[in-house]
Every structure is written in C-alpha cells, then in structure tokens.
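Heads up: the structure comes next, in structure tokens.
Read-outs: derived from the displayed coordinates by stated rules, not from any lab. Please read these numbers as outputs of a predicted model, since none were measured by experiment. In this analysis, Cβ positions are derived from the backbone assuming ideal geometry, glycine residues included, and neighbour counts consider all displayed protein chains.
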Amino acid sequence: MFSTILFYILSVILVFSSLMVIFSRKPINSVLFLIVSFFAISGHYILLNAQFLAVVNIIVYAGAIMVLFLFTVMLLNLNKETEPKKSALVKIIAVITGCLLAVTLVGSLKGIDNAPVQDFSDNSIGLIKNLGKTLFTDFLVPFELTSVLFLASIVGTLMIGKKE
Amino acid sequence: MENIILQLQSISINSYIWLSSILFIIGIMGVLIRRNAIVVFMSIEMMLNSVNLLLAAFSVYHNDPSGQVFVFFIMVVAAAEVAVGLALLVMIYRNTQTIDINFLNKLKW
C-alpha cells in the first residue's frame, strides 16, 4: 500500500514537471524542471527495485546531460523571454496531432486485460551483480561497440565545434 | 467501478503503460509546440525517458534483465546524441545568432 501511494505521488510530480518543461517560457526553467522529472524517474526505478538504473539515471542524465544543457543555455545567453510565439494555427494543429496520438494509444491499450497484481519489490534482477553478468556475457559485443560510438561522437563534436 | 478502484490500489503493469504513454505524448506536444531548439531537444530526452521507464517496468515484470541492459544502452546513445546535438546548436547560433527553428528552413521544401 505504501509503495502504491509513493507511485502516485511520483507520477504526479513527473507529469507536472514534464508539463512545466514544455510550458515555461524561460529555457533555464525548462532545464530545472527537467532535472526534477529525472529525479522522479529515478524514484520510479527504485520503486521497481532497479537500483543500478536509478543511480545511472541520476549520474548520466541529471549529472552529465543536464549540465551540458545548462552550459549551453548560459553560453548562448538564452535566459530571456524573447521567444516569438508560434502562430495559433500551428499550435492548434500540434495539439490536434498530439490528441490523435493519444486517442490511438488509448484505443489500443484499453483492451488489454488487467495484469495480475504483483509485488515488484521482491526480485533481484535490477541489482548490479545480475545486470553485470548479463551485460558482459549476452551483450558483450554491443557493449564494446558503444565505445566506438562514443569515439565517433567525440570526434564529431570536436569537428563541429571548432572554429573555421 | 470496483475494478477501477482495485486497479488504483495496486501498481500493475498497466499503470506504467499509461504513465509512459502520457509522458511520450507530452514530449511529442513539446516538439510540435515550441520553437526554441533547446526545448525541442529536452522534449526528445523526455520521450527517451518514458520509453526507458516502460522498458524497465516490463523487464521487472517478465523477470528478465535484458530489458534493463537495453535501458543502459539507450542512456549511452542519448548521451552521445546530446553531445553532438548541442555542438550543432552552438554552431548554428554562432552562424545565425538565433536558435529559432523556424529560421532553419533551408531543407524544408
């Protein structure tokens, strides 16, 4: 029962902060609300007993990616509300498109049967021991390939970022 | 009605499916509504995160660690993508003094 209450509190925080990311006018506020939503997602991971993912989510997303975003917002000096608004027609079309996707998802998900109630907190697959075993046996080749991906991304970033 | 109350009282996999769908739709609305390229990027991150959450939930549901390893890989790819994308944004700002995506329409038609 306690975890259920926690689930709904975290979900409300998550949805609210995600909405604020979209609707706040200053980009810096969007970045801060996105950090809040990342922490809420980490709370969800802990609720699912996926501790490794929770820690990695905080380190990688809230720690590294959001710092990059903050640096860019400050470097480009975007902290002002000069963003011109889109025309009302484009906004209406965007909202209609989103609602169409929502209707499609609701229509396809409405028919699924109620999954049996289960306690997510008594399994141990989210622990770092089991994940490490899977990562270094079944997924060894993709794991090594990500290093190549990171090398490519470093070289690409340097090539794009340097002055002529 | 009793069914709904029963469902509200327990975390089933359906709750995670609905939560992820709501997050994904919010992300798509953000991409479509906003004109600031950085906020568009953040909406894309939000969509990736909703998919991550659903993958983790299903991996716990099926008792299979492969799903969580996939989440890990998605995070890796997102980190690389953000680095390259923000470098592109800085480059665009340096050349055009704006990151309004409506001015970047040379490839549109």
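Quick one: net charge of residue A:18's neighbours, Cβ under 14 Å, K/R +1, D/E -1? Don't skip to the answer; put the middle values down first.
Details: positive: B:34; negative: B:45.
Residues close to residue A:18 contribute a combined charge of 0.
If you take the Cα Rg of the protein assembly as shown and divide it by 2.2 N^0.38 Å, with N the number of residues, what do you get?
Working: Rg = 19.8 Å, N = 273, 2.2 N^0.38 = 18.5 Å.
The protein assembly as shown yields a ratio of 1.07.
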(message) Pairs of alpha-carbon atoms within less than 8 angstrom and 6+ residues apart define the contacts here; what relative contact order does chain A have, in percent?
(response) 22 percent
(request) Go ahead and set up a Gaussian network model of chain A, Cα springs under 10 Å, then flag whichever of A:100, A:32, A:14 fluctuates most. (result) A:100
(message) Residue by residue through the stretch A:128-134, what is 3J(HN,Hα) from phi via Karplus (6.51 cos²θ - 1.76 cosθ + 1.60, θ = phi - 60°)? Round to whole Hz and write x for glycine and proline.
(response) 5, 5, 5, 5, x, 4, 5
(request) Take chain A, connect every pair of alpha-carbon atoms lying under 10 Å apart with a spring to form a Gaussian network, then pick out the residue of A:54, A:64, A:94 with the largest mean-square fluctuation. (result) A:94
(request) Could you run the Debye sum over the Cα atoms of the stretch B:26-76, one equal point scatterer each and no solvent, and tell me log10 of I(q)/I(0) at q = 0.32 Å⁻¹, two decimals? (result) -1.07
(message) Suppose the Debye formula is applied to equal point scatterers at every Cα of the stretch A:1-83; what is log10 I(q)/I(0) at q = 0.10, 0.17 Å⁻¹?
(response) -0.29, -0.71
(request) Could you pull out the chymotrypsin sites (Phe, Trp or Tyr not before Pro) across the stretch B:55-94 that fall in loop regions by DSSP (anything but H, G, I, E, B) with no more than 10 other Cβ atoms inside 10 Å? (result) none
(message) I want to verify a result. In a Gaussian network model of chain B, Cα cutoff 10 Å, which of these has the top mean-square fluctuation: B:83, B:37, B:56?
(response) B:83
